[in-house]
Every structure is written in structure tokens, then in C-alpha cells.
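What follows is one structure encoded as C-alpha cells, with my remarks underneath.
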Amino acid sequence: MADFRYALMCVAALLTVSASGSHADAEDYPARPVRIIVPFGPGGPADVVARQIGSILQQDLGQPFVVENRTGAGGVIGTLEVAKASAVGYTLLMMSNTQTANESLVPQRKYELMRDLTPIATLNTSDLVIVVHPAVPAKTLQEFIALAKAEPGKLNYASSGQGTPYHMAGELFKAMAGINIVHVPYRNSGEARSGVIGGQVQMMIDAVPAMAPNVAESQVRALATTGKSRSAVLSNVPTVTEAGVSGYEATIWLGLMAPAGTPKPIIEKLNTAVNAAVRRPEVEKFWAEQGAVPMTMTPEAFDKFLRADIVKWADVVKRLDKTQ
């Protein structure tokens, strides 16, 4: 009996040391630079937001938050790098609904999002905009649909890669509009944007913050935005539903994750810091001017959000498979 009591005391002592060490790590965190891996190209919404939030976190937490772009395979390469990183809070993932779509769209990936990574915080969400090159003889969305139906398989659209929100939004639009246009994946959103501006592709569905300046410069023609209501930035552009494809909706949202097993106190410290950064008046104002809306969640709420989004896109992928 004495030996059993002694064993229990040892276990309790170990648990106490472990818990106190975890809290100490959180108090000292970060003690060195933190990497934010962006699995998308420079200049896109994820890259821009990562650099903006990273700068604020550096001010608030006292260590550099260094953004590194790891592009390729529709976000899979960068995501895998973070999934395999040490779970100590010094390698984070800037992610979007690309990752939740890839759970069903890319079955051969070497990680599982909710097994190998853990949620930290959401950042923002924004509507998308359907644009065409000015040479396309379609002034409205209905005219573009009519053109696509008259020439099935002859028109194409750009995206920043397989499984990205732009690709999935395009495939959903094709299915709901009943048209056949060809997907042209680029390595990143900047190259895809250049493709439609340069006329190499006819159409693209892009984030409002990224494409609105090109609309203003008449480099592309905006046909519709993809939210439930009109974008404050492109208020003269109808929604897809208003333009005749009832019920269509697509957005892009951004968030941060860490390798699974990262100590909870560190996750909570990052969540608090990110939520505070997102609520800064200057950040809210800047995002509003770009057409983005802040999102704040606890890690637990973000976990539920991610799981629901995975199910949502799995249903979309099944639907798209039936139409192909």
C-alpha cells in the first residue's frame, strides 16, 4: 500500500511539473522569432493579411513574426510543412477555405487538417467578384452565361490553383449556371490575376480586396459579387443572385493554425493577441476599405467552424463530381 501511495505521489508531482512548465512556456512565449507559413503566393489576400497581422503581433508580443511563402499543390506543400513542424508555437500556418476544400478534393495529401493541426484564430472574410477581360463581349453575368452556353468548352477561367476558394467558386458557378468553361490553374493568385488582365484567360473569380483596384482602373469588367448582399467596395455591381443565378454564394476567409500538440496556453495567448489585432480600429477601417470583414473566434469555436466547412466543401465536391 505504501508503494502504491508513493507511486501516486510521483505521478501527481510529474503532472504538476508538466502543468507549471506549460504555463511558464506560455508566459515566456515567444522567446524567439515565429514563422508564419503562407502556402500561397505573394500579393494575395493571405499574404497581405499575414504580413499585416504579423507586424502587429511583433509589436504586441516583442518578437519578429516572419512571413514565408511556401507555394505549390494548391496550398498542400506549405500546409504539410507546418503539420510536420515541432509543436512549440514557432511555426504557424496562414490558411483559408483552401485547406478545408482540400480535405475532400486532394485525398492523396500526407496530412489531415484536424488531426495534424490545431486552430488558433480566425482573421477576416471577404466576398469574391466575377470579372472578365474587357475584350469579352459580355456586359452582364447573364450575357456571359449565354456566351458560354453558345460556345461550350471554348471560354476559360483562371484560379490560383486546384482547391483554392477561387477554383471552388468557379466550379460551383459552372454547376449552378449550367455552363462548360475550362479551369486554368496558375501557381498563385497574382499570376492568375495577370492572366485575366492580360487576356490570356477570359474570366476569374477573385477576392474583392485584391481585384477591386483593377476594376476601378477598367483593366477588367466586374459582372457580379458573390456575397449575400452587395459589396460596399463595389456597390454598383450586383450579386450573383441578383444577376440571375439564385442561391449562389462564395467567400474567402482566413485563419491561423499551429501543429497539433502545441500547448494550449500558447494557443490561447496567440488567440488573445490575434483577436486584439483584428479589433484594432485602424485594421477594421483598412479592411472595410478593401471589402473585408474581421472575424474573431475562440480556438474551440474555430474548431467547430473548420469541421463544418470541411463537410460543406465535401458536399460541393461530390456535387461537382456528378456534373463532370
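The values are calculated or read from the model by the stated rules, or taken from the named source; none is laboratory data. Bear in mind the structure is a predicted one, so any value in this text is a computation, not a measurement. Every residue, glycine as well, gets a Cβ built from its backbone with ideal geometry; the counts of neighbours run over all protein chains shown. Side chains are part of the model used for accessible areas, which takes the heavy atoms of the whole protein and leaves out ligands, DNA and RNA. Shrake-Rupley method; radii C 1.70, N 1.55, O 1.52, S 1.80 Å.
On the stretch given as the stretch 61-112, residues that are acidic (D, E) and within 20 Å of V49 (Cβ to Cβ) total 2. Restricting attention to the stretch 237-289, the residues being of a type in the set (D, E) and either in contact with a Leu (Cβ under 8 Å, 6 or more places away or on another chain) or within 23 Å of F65 (Cα to Cα) (or both) number 3. Screening the stretch 293-324 for residues that are modelled with pLDDT of 95 or more and acidic (D, E) and picking the one that is farthest from F173 (Cα to Cα) gives E300. Of the residues contained in the stretch 230-249, one or more are found to be hydrophobic (A, V, I, L, M, F, W, C), assigned to a loop (DSSP other than H, G, I, E, B) and surrounded by fewer than 19 Cβ atoms within 10 Å (Cβ to Cβ).
When A85 is tested against (1) within 16 Å of A277 (Cα to Cα); (2) of a type outside the set (D, E); (3) modelled with pLDDT of 95 or more, only condition (1) is not met. Counting the residues of the stretch 170-183 that are crowded, with 20+ Cβ neighbours inside 10 Å and in contact with a Phe, Trp or Tyr (Cβ under 6 Å, 6 or more places away or on another chain) gives 2. Name the single residue, out of those in the stretch 250-269 being open to solvent by less than 40 Å² (accessible area, probe 1.4 Å) and either part of a helix (DSSP H, G or I) or in contact with a His (Cβ under 8 Å, 6 or more places away or on another chain) (or both), that is farthest from H167 (Cα to Cα). Per the criteria, the residue is P265. Selection of the stretch 184-211 for residues being surrounded by fewer than 23 Cβ atoms within 10 Å (Cβ to Cβ) and modelled with pLDDT of 95 or more yields V184, S194, G195, I197, G198, G199, Q200.
Entry remark, the stretch 132-153: residues being modelled with pLDDT of 95 or more and either acidic (D, E) or surrounded by 15 or more Cβ atoms within 10 Å (Cβ to Cβ) (or both) number 11 in total.
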